[in-house]
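First up is the structure itself, then whatever we jot down about it.
None of the figures in this text is laboratory data; all of them are computed from the coordinates on show. From a predicted model like this one, the values you see are computed outputs, not experimental measurements. Because the Cβ atoms are built from the backbone with ideal geometry, glycine has one as well, and the counts that use them run over all protein chains shown.
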Amino acid sequence: MKRILIVGAGGQIGSELVPHLQKIYGNNNVVAADINSNCASNLGDVAFEVLDALDTQRYVEIVKKYKVDSIFNLVALLSATGERNPQLAWKINMSALMNSLEIAREFNCAVFTPSSIGAFGPTSPKDNTPQDTIMRPTTIYGICKVTGEMLSDYYFLKYGVDTRSVRFPGIISNVTLPGGGTTDYAVEIYYGAIQHKHFICPLPQGTYLDMMYMPDALDACVQLMEADPAKLKHRNSFNVTAMSFEPSQIYATIKKRIPDFTLEYNIDPIKKSIADSWPNYMDDSCAREEWGWNPKWNLETMTDDMLKVIGEKYKAGVLK
Ligand code: SER
């Protein structure tokens with residue numbers, strides 16, 4: 001990776017991937033693009049382009065202008081939002097990917113596209129979900145992810161496009177809030193704990209889901225894209241996880257640090273049914289073997305860091 005374009009740079013992952021890649025590859029070798037021009041001010045000192053990823057002509061112009069050789073395609077509606085407007089989710093998620101793949105084919109770029117735990121469905125094994133198994137998701141988000149995985153492998157096999165991907169679990173972070181995901185509660189609970197000492201949880205106790213702290217997610221993106229292609233038996237897409245917990249466990253971990261923190265449950269039926277169709281925890285041994293995946297953060301260390309960073313933001317008045 002020498003000249004990197006991040007499409008959907010204003011989102012939860014993009015807003016942290018941009019500075020992370022700048023640190024590694026140099027400020028001038030990273031270009032951020034997003035449909036929303038307002039996010040430019042949060043991204044710091046980076047070349048920024050307004051881009052609707054469905055606008056092929058503009059996408060091509062940007063790739064040519066910056067001589068891009070690697071694309072991070074981060075454009076997607078998340079799972080719960082997708083269920084409210086499946087046709088729009090399909091249109092955005094698949095058209096952005098198709099544009100990225102076609103442009104990568106024409107301009108010889110590598111492409112990273114996140115897949116998700118959402119690519120699995122109710123008939124996938126729930127515990128220690130294997131790398132290669134039944135994938136019949138029941139959300140439009142998951143259907144887009146499985147299709148995207150297959151399409152990305154197809155572009156590699158048929159055209160030699162260097163496509164790579166991981167199946168991210170819920171990503172927990174403190175810069176940009178996720179929006180419309182089923183795993184978002186595990187981010188929002190930290191803000192609730194600090195701001196109100198109270199949190200209303202949309203998923204029931206006992207709902208285990210894979211999770212990961214953002215620094216590990218950023219490492220996964222770079223490690224996989226830098227991996228020796230000769231060692232990759234898989235490409236689209238690798239199971240990766242760092243921890244698995246259910247709501248009462250993250251609550252207890254925060255309560256150890258904020259003793260008067262309280263939790264109530266008000267179940268969101270859409271999110272519950274989505275979460276029930278996803279794995280409890282995935283087997284990520286292929287990622288460990290093929291490109292050295294080795295997450296560093298767990299629920300305890302992540303909770304210390306989340307409470308510290310978000311607490312400081314409230315103290316400094318950055319958050320109210
Ligand atoms: N975080 C995503 C969601 O909940 C899963 O990939 O939609």
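The order of Val161, Val18, Val318, going from fewest to most other C-beta atoms within 10 Å of their C-beta, is Val318, Val161, Val18. Annotation note: trypsin sites (Lys or Arg not before Pro) in segment 40-121 located in DSSP loop regions with a Cβ neighbour count of at most 14 within 10 Å are Lys67.
Pairs exceeding 26 Å between alpha-carbon atoms, taken from Lys67/Lys158; Lys91/Lys271; Lys23/Lys91: Lys23/Lys91. Build a GNM of the chain with springs between Cα atoms under 10 Å apart, and of Pro269, Pro279, Pro125 the one that fluctuates most is Pro269.
All distinct Cα pairs of segment 111-206 go into the 1/r average, and the inverse of that average, the Kirkwood radius, is 15.4 Å. Average 1/r across all pairs of distinct alpha carbons in the chain, invert it, and you get the Kirkwood radius: 19.9 Å.
Dipole magnitude for the chain: about 300 debye, using +1 per Lys or Arg Cβ and -1 per Asp or Glu Cβ, origin at the Cα centre. For segment 46-126, the share of alpha carbon pairs falling in successive 10 Å distance bins from zero is 16, 44, 27, 11, 2 percent. Using the Karplus relation 6.51 cos²θ - 1.76 cosθ + 1.60 with θ = phi - 60°, the per-residue 3J(HN,Hα) values for segment 166-182 come to 10, 8, 6, x, x, 9, 9, 7, 9, 9, 10, 5, x, x, x, x, 6 Hz, with x marking Gly and Pro. Amide H contacts of Phe72 (H built 1.01 Å from N, in plane; Pro and chain starts excluded): Leu5, Ile6, Val7, Phe112 sit under 5 Å, all sequence-distant by 5 or more or on other chains. Here segment 151-202 yields Rg over Rh of 1.28, to two decimals, using C-alpha coordinates and the Kirkwood radius. Taking a ≥ b ≥ c as the square roots of the eigenvalues of the Cα gyration tensor, segment 195-239 is classed as oblate, since a/c reaches at least 1.5 and a/b does not exceed b/c.
Computed over segment 56-189, the percent of Cα pairs more than 27 Å apart is 23. Here Lys65 is the anchor, and the lysines within straight C-alpha reach of less than 16 Å, apart from those fewer than 8 places off in the same chain, are Lys2.
When Rg and the Kirkwood Rh are both derived from Cα coordinates, the Rg/Rh ratio for segment 1-104 amounts to 0.97. In summary, the lysines within cross-link reach of Lys315, defined as a Cα separation below 19 angstrom excluding same-chain residues under 8 places away, comprise Lys197.
Ranking Ala32, Leu307, Gly142 by Cα position along the charge dipole of the chain, where only Lys, Arg, Asp and Glu carry charges on their C-beta atoms, puts Ala32 farthest toward the positive end.
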